[in-house]
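Novice: I am attaching a structure below and will ask some questions about it afterwards.
The values are calculated or read from the model by the stated rules, or taken from the named source; none is laboratory data. Values in this document were obtained by computation on a predicted structure and should not be read as measured data. Glycine also receives a Cβ, built like all others from the backbone with ideal geometry; neighbour counts cover every protein chain displayed. Note: areas computed on protein heavy atoms with side chains; ligands, DNA, RNA excluded. Shrake-Rupley method; radii C 1.70, N 1.55, O 1.52, S 1.80 Å.
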Amino acid sequence: MKHSLLSLLILILPLTLFGQGNPVDLDYQVPPEEVVRIVDAAPLPGVSLSPDRSMMMLMHRRSLPTIEDLSQPELRLAGIRMNPNTNGRSGAVGFLGLTLKNLDTDMETDITGIPENARIGSVSWSPNGRYFAFTNTVSDGIQLWVGSTESASVSQVTGIRVNDAFYGAAMQWLPDSQRIIVRSVPDDRGEEPVVNPVPTGPIIQQNLGRSAPARTYQDMLQNDHDEALFDYYFTSQLVMVDVRTGTQTKVGEPGLYRSQTVAPNGNLLLVASVHRPYSYYVPAFRFPTTTEVWNLNGDVVHTVAEIPLQDEIPIGFGSTSVGPRSITWRNDAPAELMWAEAQDEGNPRIEVEHRDFVYLQNYPFEAEPRVFARLENRYSGVMWGHDGLALVIERWFSDRNEKVWMLQPGDPNAEQVLLRDRNYEDIFNDPGSPVMTVNETGNAVLLTADDGYTMFLSGNGSSPDGNFPFLDRFNPHSGESERLWQSVSPYFERVTAVLDNQATEIITNRQSENEPANFFRLNLTDNTRAALTTFEHPNPELMDVHREIISYEREDGIPLTGTLFLPPDYDKEKDGKLPLVVWAYPREFRSADAAGQQSFSPYTFNNISFWGPQWLVTQGYAVLDNATMPIVGEGDKQPNDTFVEQLIMNAEAAVQAVAEMGIADPDRAAIGGHSYGAFMTANLLAHSDIFRAGIARSGAYNRSLTPFGFQREERTIWDDTDLYIRMSPFFHAHTLTTPILIIHGAEDNNSGTFPIQSERLYQAIQGLGGTARLVMLPNESHGYRARESVLHMLWETLEWLDEYVKNASAEQAMAE
C-alpha cells in the first residue's frame, strides 16, 4: 500500500507531544575495575617517518580527554565546530611529547624544549628531513613550534598565533626546507562581533523553482550574526616564516583561505578563498570559492576558477560540481596546474561518452589548458611520476567499476593507456596500489626503478584464508608482476615504506595475535630484519583471551565470517554455554560474489578494545565481533530492496554458527552496533525474535528525516516512499518490544544521525509501552571521547546486558 507524505507527518507529529518519561537522576558511573583498566591502558605512540626515511618520530599520546576538556567554549559555523578561545578545532587533544629515533644508529632521543602539558598537533617534516614543525594548543591560542633533528630540540616561533579553525592544513613547508607558509590570526582583527538581542526582521530563505537537494547537514549558519562570526574567526593572514632567522613576512591581505599550497618550484602559491554569498543550507565547503595563483608577495598571477555557491549538485554518488574541481599542482613539475571538470553537468543521469576531463596548464598560464585525460567515469585521483609517467584513477559507484590509466603528462600527443579495469569490490583480485615516495620538493610521487617505469605495488593480499599483504614489482608495459615479499603466518605484516628504487630494503609494520604492531627494517636480499620499535602489550593480563575467525553461511549460501572472542580459561564442558553478543555493521554489495569475499586476518593483534564489544569477555560473555552483514542487490535489484530480510538471514546465521559450536546459548543473545550498526540493531529487534536485547549507539531510525538518501541509498523518499518506511525502525516501533538500550552523543553532528533520531525512537517505544532506555551523553558527538562518557557507556551496556540477556530467566523468555 502506498503511503502519502501527509500520513508520514501524521505518524510523526503526535509523538513530539509526549514527554520523555521521568528522567533518571544519575551521575557518571564506572564499570568493573578490569574494564576500567582496558580504558586506561597507555595508548601506543603515533609514528611518522622523515621524507628520506632516516628518522622516525614517535608521537606520544595522552589517554582519553576528560569531560572538562570537551566542555570548552564552542561555536558551530557552516558545518565546522571551533573553539573561539584557541581559534582552532573543538576538542583538540594532541600529543604530549616527541621522541626522535635515528633508523641508522637505532638511537632514541627525547625531544627537549617541549612545554609542559603540551597539546601537539601532527608533526610536519621539512622536505630535507632536517627540521620539523608542529602546533601546540594552549588555553588562549595555537602556537607554532619548530625543531631540528640534529639538536633534537624545539623552540617556539613567537609573535604568531596560528589560525587552525578552517579546512586544510594551517602550515606547509616550502621546498627549500627553510621557510613555512602559515595561516595566522590577523593582528588587527578587533573584538568578536556582538549579537544584537533585538531582531531586525525575520530570517527568510526562498527557492524559486530550482532544484537544490542536499544531505541533512548540521551546524549550518543561522543568521547575520553567524555570518559575522564566520568572517571573524575564519579570516586568516598568510605569513611566511623563515625558521633560520625567525623573520615573518605577511603574504597578501587577510582572507577566508580554505587552502594554500606551494608550487614544487617554491615560487608560487595556489590559494583557494571562500566568499559571500553564504548559505544556511549547505556547509562552508560548498560556499563560493575563488582559486588563484599568487607569487610569494601575495600578488595574483592567475585566476584559475571562480566557483559559485554549490547548492544545486544533483543527488547521487556520481554527482559532482560544475566547473574546475580538485585543483592541485602537479607534484613532479615546477609549476603546472591540474584539475578535473565534469562534462555531464555533474549529473550522473545524463549520458555522455566522457563524464570527466582532466586538464593541465603550465606556468605562466598564458596558453589554453589542454585535456590531459578523458574519463568515462568520475575522476578519483592521480599519482605523478615524471614527464613520461602518471596514473589517473576513475571510479563509478553504481557498478563499482575502477579504471586506472597510464599517461605521459609531458607529451600532449601520447595516448592514454588502460592499465586496470576492475570491480573495486573484488578484493580477492586486487593487484595492490603503487608505492609512493617523497621527492626533493616534499611531494609524493611514484617510486620507480632505474628505467623510470617499473613500479612497486603493495596490497592486502585478501584471500579465502585471510589477508597476507604483499609487495610486487610491476612492469606497466608488459603487465607482468613479480612477487618480492609477502607476509607469512603467524604474523600480519604490511609494507610501510620502500627504502630504495630496487626494493632491496623495506620498512614494515608487523603484529601477531599477542604482539602489538611494531616497525621493522627488512633486507630482502639476505632476508634479515631489525626491529625499529618494541611496543609492548597494553593489557598483558588479557593475553589469554581466546580469539578465532569463524566462517559460516547464511540461508542463501553467501559466505559470512566473524571474529569470536571467549573469556580467558573458558571451558565449554565445564562452564557451559555463554550469553552471546553479536556486533556488526551492514555493508552493501552489487554482487553475491563480492559479498562473500571477506577481509580478515587471524594474525592481527588481539587487542581487547573498549570501543567495540570485545571487553565483554571479561564479564563472562561470548562476543562475535565484526559479524559480516552483507546486503546484496544484483542486476536491476538494489541492495536495500530486501534490506530487512537480508539482515535477518545474516543475524540468524551468526547466532546459529556460535550455538552449533556448543559455545553460545541462542536464547541469550544480544545484538549491537554503532551508527549504521545501531540502525541495523533496531531493525532486527523490530522485525525478528532472534535476540533478547539490543545496544544501539548513535543511530538514525527515521529515514523520513534523511529524505534525499542515506548511507549508500541513492533513491529519495519521493522516489520510493515505501522503502523509507520499511527500513525505518521508527515506523515499526509497535513491534519493537525487545529491550533496547539507546545511547547517543547529545551533540552528534554526523550527517543523518541527529540526536533527535534517538529521542524520537525512545518516545515512540515509550508511548507504545515498550522497554527502552535512552542515554544522552553531554558534549559528545558521533563518537564518544571523554573518559567519563566512555566509562559510563560501558557501565550502561553491562547493566543492560546483565539484566536482559545474561540473567534473563526462562519465564522472561517465554513472556517475550
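Novice: List the strands (runs of 3 or more DSSP E) that sit entirely inside region 84-144 and contain at least 1 residues that are open to solvent by 40 Å² or more (accessible area, probe 1.4 Å) and of a type in the set (V, I, T).
Specialist: 108-110, 131-138
Novice: Another question about this same structure. Can you pull out every residue in region 56-67 that is open to solvent by less than 30 Å² (accessible area, probe 1.4 Å) and either assigned to a strand (DSSP E or B) or among the acidic types (D, E) (or both)?
Specialist: Within region 56-67, M56, M57, L58, M59 meet the criteria.
Novice: Identify the residue in region 68-80 that is assigned to a strand (DSSP E or B) and either touching a helix residue (DSSP H, G or I) at 6+ places or on another chain (Cβ under 7 Å) or open to solvent by less than 30 Å² (accessible area, probe 1.4 Å) (or both) and, among all such residues, is farthest from Y281 (Cα to Cα).
Specialist: So the residue we want is L75.
Novice: Still on this structure, please answer the following. Being crowded, with 20+ Cβ neighbours inside 10 Å and of a type in the set (A, V, I, L, M) is the filter; apply it to region 446-480 and report the residue that is farthest from W173 (Cα to Cα).
Specialist: Going through the qualifying residues, I end up with L471.
Novice: Then there's this: Within region 154-172, count every residue that is among the aliphatic types (A, V, I, L, M), within 24 Å of L100 (Cα to Cα) and part of a strand (DSSP E or B).
Specialist: 3
Novice: What is the residue count in region 503-542 for residues that are touching a residue at least 24 places away in the same chain (Cβ under 8 Å) and out of contact with any Leu (no Cβ under 9 Å at 6 or more places or on another chain)?
Specialist: 9
Novice: May I ask you to list the residues in region 184-221 that are of a type in the set (D, E), open to solvent by 90 Å² or more (accessible area, probe 1.4 Å) and under 35 Å from the mean Cα position of the chain (by Cα)?
Specialist: Scanning region 184-221 gives a single hit, D187.
Novice: Here's another thing I want to ask about it. Looking for something under 30 Å from S50 (Cβ atoms) and either in contact with a helix residue (DSSP H, G or I) (Cβ under 7 Å, 6 or more places away or on another chain) or aromatic (F, W, Y) (or both) - is there at least one such residue anywhere in region 173-194?
Specialist: The answer is yes, given that some residue of region 173-194 is under 30 Å from S50 (Cβ atoms) and either in contact with a helix residue (DSSP H, G or I) (Cβ under 7 Å, 6 or more places away or on another chain) or aromatic (F, W, Y) (or both).
Novice: Something else now. Filter region 146-183 down to residues that are surrounded by fewer than 21 Cβ atoms within 10 Å (Cβ to Cβ) and of a type in the set (D, E) and give me whichever is farthest from G113 (Cα to Cα).
Specialist: Applying the filter and picking the extreme gives D176.
Novice: Scan region 290-317 residue by residue and report those that are within 30 Å of D176 (Cα to Cα) and assigned to a strand (DSSP E or B).
Specialist: Of everything in region 290-317, those that are within 30 Å of D176 (Cα to Cα) and assigned to a strand (DSSP E or B) turn out to be T290, T291, E292, V293, W294, N295, V300, V301, H302, T303, V304, A305.
Novice: Looking only at region 794-816, count how many residues are within 15 Å of I740 (Cβ to Cβ) and modelled with pLDDT of 95 or more.
Specialist: Qualifying residue count, region 794-816: 8.
Novice: Just to confirm my filter: which helices (runs of 4 or more DSSP H) fall fully inside region 734-816 and include at least 1 residues that are out of contact with any Gly (no Cβ under 6 Å at 6 or more places or on another chain), small (G, A, S) and open to solvent by 40 Å² or more (accessible area, probe 1.4 Å)?
Specialist: 755-767, 810-815
Novice: Sticking with this structure for a sec: Looking at (1) outside any loop (DSSP other than H, G, I, E, B); (2) under 22 Å from F470 (Cα atoms), which is the only condition E425 fails?
Specialist: It fails just one condition, (1).
Novice: Being touching a Lys or Arg at 6+ places or on another chain (Cβ under 9 Å), among the small types (G, A, S) and modelled with pLDDT of 95 or more, is that true of even one residue in region 221-242?
Specialist: yes
Novice: Being part of a loop (DSSP other than H, G, I, E, B) and surrounded by 20 or more Cβ atoms within 10 Å (Cβ to Cβ) is the filter; apply it to region 691-708 and report the residue that is farthest from the chain's Cα centre (by Cα).
Specialist: That would be R692.
Novice: Condition first: in a helix (DSSP H, G or I), modelled with pLDDT under 95 and either farther than 18 Å from S551 by Cα or of a type outside the set (D, E, K, R) (or both). Can you find one or more residues in region 583-594 that meet it?
Specialist: Yes, region 583-594 has at least one match.
Novice: For region 346-360, what are the residues that are in contact (Cβ under 8 Å) with a residue 40 or more places away in the chain and farther than 16 Å from S319 by Cα?
Specialist: Answer for region 346-360, where residues must be in contact (Cβ under 8 Å) with a residue 40 or more places away in the chain and farther than 16 Å from S319 by Cα: just L360.
Novice: Which one is surrounded by the fewest Cβ atoms within 10 Å (Cβ to Cβ), of the residues in region 406-432 that are among the acidic types (D, E) and in contact with a helix residue (DSSP H, G or I) (Cβ under 9 Å, 6 or more places away or on another chain)?
Specialist: Per the criteria, the residue is D426.
Novice: Filter region 585-623 for residues that are closer than 30 Å to A42 by Cα, small (G, A, S) and surrounded by 20 or more Cβ atoms within 10 Å (Cβ to Cβ) and give the result.
Specialist: S601, A622
Novice: Considering each residue of region 428-464, count those that are of a type outside the set (A, V, I, L, M, F, W, C), farther than 14 Å from A497 by Cα and not in a loop (DSSP other than H, G, I, E, B), and give that number.
Specialist: 3
Novice: Quickly run through region 465-478 and pick out the residues that are out of contact with any Leu (no Cβ under 6 Å at 6 or more places or on another chain) and either part of a strand (DSSP E or B) or free of Cβ contacts under 8 Å to residues at least 60 places away in the same chain (or both).
Specialist: D465, G466, N467, P469, F470, N475, H477, S478, listed by residue number.
Residue-wise test of (1) at pLDDT below 95; (2) farther than 24 Å from V545 by Cα; (3) in a loop (DSSP other than H, G, I, E, B).
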position	(1), (2), (3)
R483	no, yes, no
V488	no, no, yes
E493	no, no, no
I506	no, yes, no
N509	no, no, no
N518	no, no, no
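Novice: Out of all the residues in region 653-671, is one or more closer than 21 Å to F710 by Cβ and at pLDDT 95 or above?
Specialist: Yes: region 653-671 contains one or more residues that are closer than 21 Å to F710 by Cβ and at pLDDT 95 or above.
Novice: Next question. Among residues belonging to region 535-577 that are among the hydrophobic types (A, V, I, L, M, F, W, C) and in a loop (DSSP other than H, G, I, E, B), point out the one that is surrounded by the most Cβ atoms within 10 Å (Cβ to Cβ).
Specialist: Looking at the filtered set, the residue picked out is V545.
Novice: Among the candidates S177, S148, S211, single out the residue that is in contact (Cβ under 8 Å) with a residue 40 or more places away in the chain and more than 24 Å from P283 (Cα to Cα).
Specialist: Of S177, S148, S211, the one residue that is in contact (Cβ under 8 Å) with a residue 40 or more places away in the chain and more than 24 Å from P283 (Cα to Cα) is S177.
Novice: Which residues, taken from region 222-260, are among the hydroxyl-bearing types (S, T, Y) and surrounded by fewer than 18 Cβ atoms within 10 Å (Cβ to Cβ)?
Specialist: Answer for region 222-260, where residues must be among the hydroxyl-bearing types (S, T, Y) and surrounded by fewer than 18 Cβ atoms within 10 Å (Cβ to Cβ): T245, T247, T249.
Novice: Return a yes/no flag: does region 293-311 have any residue that is under 29 Å from R400 (Cα atoms) and touching a residue at least 40 places away in the same chain (Cβ under 8 Å).
Specialist: Yes; the residues of region 293-311 include at least one that is under 29 Å from R400 (Cα atoms) and touching a residue at least 40 places away in the same chain (Cβ under 8 Å).
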